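The structure appears below as structure tokens.
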Amino acid sequence: MPHSKQIKTVEMAMKPIGDMKVPEPLRASVDKQNQILLDLALSMVNAGLSEQQVRSTIETACASYRDELITTVLAIRAQNG
Amino acid sequence: MDERRKLNDEQGRLAALRRAGLLDTPREEPFDRITELVRSVLNVPIATVTLVDAERLWLKSVLGLQVTEVPREVSFCTHTIQSHEALIVEDATQDARFRDYPYVLGEPGVRSYLGIPLETPDGYNLGALCAIDTVPRQFSAADVAIMTNFSRLVMNELELRQIAMSDSLTGAMTRRGWMEAVETQIARCRRNGQPSSIVLLDVDHFKRINDTHGHPAGDRILRAISQACFETLREADLFARIGGEEFAIFLPVTDSVEAAALAERLRDRISQTSFDLDGTPVRATASFGITEVPPYIEGVEAGLRLADALLYKAKTDGRNLCRVA
């Protein structure tokens, strides 16, 4: 799985988040999540895991973050009235 | 404080753990998903997100074990949090530190362990992400890299929660985050037979400040008062903005006499401060209601109501006062 494939996998998983209107205080967190997922994908490839397993792991990790992000966005909106 | 000193700053670490607001909370899907991934990717029977409290481990997520708490003195994670590196145990029966632990000698028969510290951005290890096997095993550098990235996912989700629990204007906790954390802390103090107190603080005549100087000026005063509170409070205290110009402070292991003394110091500090609003010096004061959390009440709301009644008394008695029960 070449490096560009891992980037693609992470991009695909993060796409629903990229489409969200994320408040400024959360931008750094989203960027960090992107980087961690990319590092995770690379580390899994280096460990010899299959493309399918890398893909499904990244998607699961991303879905978990997305749920948390939505909760946080709603909390910030509630705070700001 | 340098990283080495932070590893030895147990009080600071425990305060960071309390602020995270995860102790004694039920299992949650985001953490369970990560332990499930650890189990499947590393092919281990047991995976945990473990928080290391003063005397025990609290397993926020655990797969493959039927426990939620473990005494700290017989835990691998106690060792993991002593460093910023991974702890690898290939065969616990051959390691003098661990071979007599109940989880090694008896069920589930732990043999190998890989733990990655869960480190906050300011360098405190709250706990560990753990992959545990019941057979001896060599964890590779690639395994450590994967686990390190999983631990970063856990911490990034935790940081997201911290943002949700922080008031964007002052950096204090939000009402919701504070209520959840205080509920746990009251229960904890009661379990240990320790007192705890709640202080409510309300800025006097805040509407007049806003009307006279404008809302940005009011915001600056709220930020300055919050800063005074942060500088006065201990690390274990929980400070929140719970309304427009109203703040709440929870003081664990503190009786009403000590809480009143702290509130009086804060009141005095605020009243002595001259707030510079674009060259115009402005004075602000605050009123305080203080109550020790009585043993008969249930829930934070009841404690807040007691403090609120005393705050009302401070207001009606003339403001810039503390009233305590």
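Under Stokes-Einstein, with the Kirkwood radius over Cα pairs as Rh, the value for the protein assembly as shown at 37 °C and 0.692 mPa s is 142 µm²/s. Spatially, segment B:238-303 and segment B:204-234 are offset by 13 Å when compared through their Cα centroids. The charge dipole of chain B, taken about the Cα centre with unit charges on the Cβ atoms of Lys, Arg (+1) and Asp, Glu (-1), comes to about 520 debye, rounded to the nearest 20. Inter-chain Cβ neighbour count for B:148-161, averaged per residue, equals 6 (cutoff 10 Å, partner chain atoms only).
This model, with +1 at the C-beta of Lys and Arg and -1 at the C-beta of Asp and Glu, gives segment B:173-324 a dipole about its Cα centre of some 100 debye.
Once backbone amide H atoms are built at 1.01 Å from N, B:Thr285 has B:Asp204 as its partners under 5 Å, excluding neighbours fewer than 5 places away on the same chain.
Taking the Cβ-Cβ separation of B:Glu90 and A:Asn46 as r and a Förster radius of 22 Å, what is the calculated FRET efficiency to the nearest 0.05? Provide the component values of the computation, followed by the final result.
Numbers: r = 21 Å, r/R0 = 0.94.
It comes to 0.60.
Note on chain B: helix-only mean residue ellipticity at 222 nm, from DSSP H runs of 4+ residues weighted -39500 (n - 2.57) and normalised by residue number, equals -13500 deg cm²/dmol. With θ taken as phi - 60° and the Karplus curve 6.51 cos²θ - 1.76 cosθ + 1.60 applied, the whole-hertz 3J(HN,Hα) list for segment B:101-117 is 5, x, 6, 8, 6, x, 5, x, x, 5, 10, 10, 8, 10, x, 10, x Hz, x standing for glycine and proline.
Rounded to the nearest whole Hz, the Karplus-based 3J(HN,Hα) values (6.51 cos²θ - 1.76 cosθ + 1.60, θ = phi - 60°) of segment B:245-256 follow the sequence 10, 10, 10, 10, 10, 10, 10, x, 6, 9, 8, 5, with x at glycine and proline. The Cα atoms of segment B:136-253 give a gyration tensor whose axes a ≥ b ≥ c have a/c of 1.5 or more with a/b no greater than b/c, which makes the shape oblate. Using the Karplus relation 6.51 cos²θ - 1.76 cosθ + 1.60 with θ = phi - 60°, the per-residue 3J(HN,Hα) values for segment B:258-272 come to 5, 5, 5, 5, 5, 4, 5, 4, 5, 4, 5, 4, 5, 5, 8 Hz, with x marking Gly and Pro. Spacing of the modelled spin labels on B:Gln138 and B:Arg265, each 7 Å from Cα toward Cβ, amounts to 5.6 nm.
Peptide A:33-45: average number of partner chain Cβ atoms within 10 Å per residue?
Taking all residues of A:33-45 together, the mean is 4.
Placing dummy labels 7 Å off each Cα toward the beta-carbon, the span from B:Arg99 to B:Thr68 is 3.6 nm.
Specify whether the C-alpha gyration tensor of segment B:118-201 places it in the rounded, prolate or oblate class, a ≥ b ≥ c being the square roots of the eigenvalues: rounded for a/c under 1.5, otherwise prolate if a/b is larger than b/c and oblate if not. Oblate, since a/c reaches 1.5 and b/c is not below a/b.
FYI, it's all coordinate maths here, none of it is from the lab. Note that this is a predicted model, so its numbers are computed, not measured. So basically every Cβ, Gly included, is an ideal-geometry build from the backbone, and we count neighbours across all protein chains shown.
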